[in-house]
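Encoded as structure tokens, the structure appears first; notes follow it.
The values are calculated or read from the model by the stated rules, or taken from the named source; none is laboratory data. For clarity, every value in this text was computed on a predicted model and none was experimentally measured. So basically every Cβ, Gly included, is an ideal-geometry build from the backbone, and we count neighbours across all protein chains shown. What goes into the accessible areas is simple: the full protein's heavy atoms, side chains included, and nothing from ligands, DNA or RNA. Shrake-Rupley method; radii C 1.70, N 1.55, O 1.52, S 1.80 Å.
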Amino acid sequence: MTLRTCVAALCFSAAIVSAQTYEIAPVFGVMRPKQSSFLGSLPDNNDKRDDDTKLRHGQGYGVRFTLNTRGYYGFEGMYMRARHTLEARVNFPGLPEVTRQDKVNVTYGAFNVLAYMMPPRERFRPFLTVGVHTQRYGEPRFLEWTQGSIRTFGGNFGGGVKVTLSRHVLLRVDFRDYIGGKPYDLIYADESRFGGGLLQTLEGTVGLSIGF
């Protein structure tokens, strides 16, 4: 490769980089699993009900890293950690029935594509987004639990808006719908209806984005 070609390639690369805007945004919000998505029953329960185990909504916090093009698109990585309440009915043979509750950490990692509805430098930039993600569900701390922790995968979609507050600071509001595999591999009384399947989690977050 000649020197002239190398210089041209470097200039082209610099032009691409200069055409992009980076953002980092600490965010916080609420993650709400859909309660109609039954998680199943502990394997040792005497009588098994599909709604024996539930995952309650929790508060979450995390960070979004965004790379915007000069046009109407952006690429975003996200890490989020939420603190959910897991509730499980325990009905082992020969023992009184009890309901256990404990906090579990659920971590989210995602990669999304953003499609903006307004061009750069507009004060309000609504956007739509679609992407893929992974979720790791932590293990609750009570003796009857033998399922451990688990990681699932899925896809998500949603939208939001970014509002320019100053040259380098934006307010952003996001709404996402995560659809992934059901966690913990529990037992279902009606496997044909509820076995396996998907868990839907709704997310709403707000944060300040620093652009540079």
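General remarks:
- Out of T129, T146, T107, sole residue that is closer than 23 Å to R56 by Cα and modelled with pLDDT of 95 or more: T107
- Selection from segment 111-121 of residues that are over 26 Å from the mean Cα position of the chain (by Cα) and either open to solvent by 80 Å² or more (accessible area, probe 1.4 Å) or free of Cβ contacts under 8 Å to residues at least 24 places away in the same chain (or both): R121
- Residue list for segment 20-34, filter: among the charged types (D, E, K, R), farther than 17 Å from V163 by Cα and either without any contact (Cβ under 8 Å) to a residue 40 or more places away in the chain or open to solvent by less than 90 Å² (accessible area, probe 1.4 Å) (or both): none
- The C-beta contact set for segment 54-73 (first residue among the basic types (K, R), second residue not in a strand (DSSP E or B), distance under 7 angstrom, 6+ apart or interchain) comprises K54/Q35; K54/L39; R70/A19; R70/P120.
- Restricting attention to segment 68-110, the residues being out of contact with any Asp or Glu (no Cβ under 7 Å at 6 or more places or on another chain), open to solvent by 40 Å² or more (accessible area, probe 1.4 Å) and part of a strand (DSSP E or B) number 8.
- Qualifying positions in segment 43-67 - more than 16 Å from T201 (Cα to Cα), in a loop (DSSP other than H, G, I, E, B), touching a strand residue (DSSP E or B) at 6+ places or on another chain (Cβ under 6 Å) and not charged (D, E, K, R): P43
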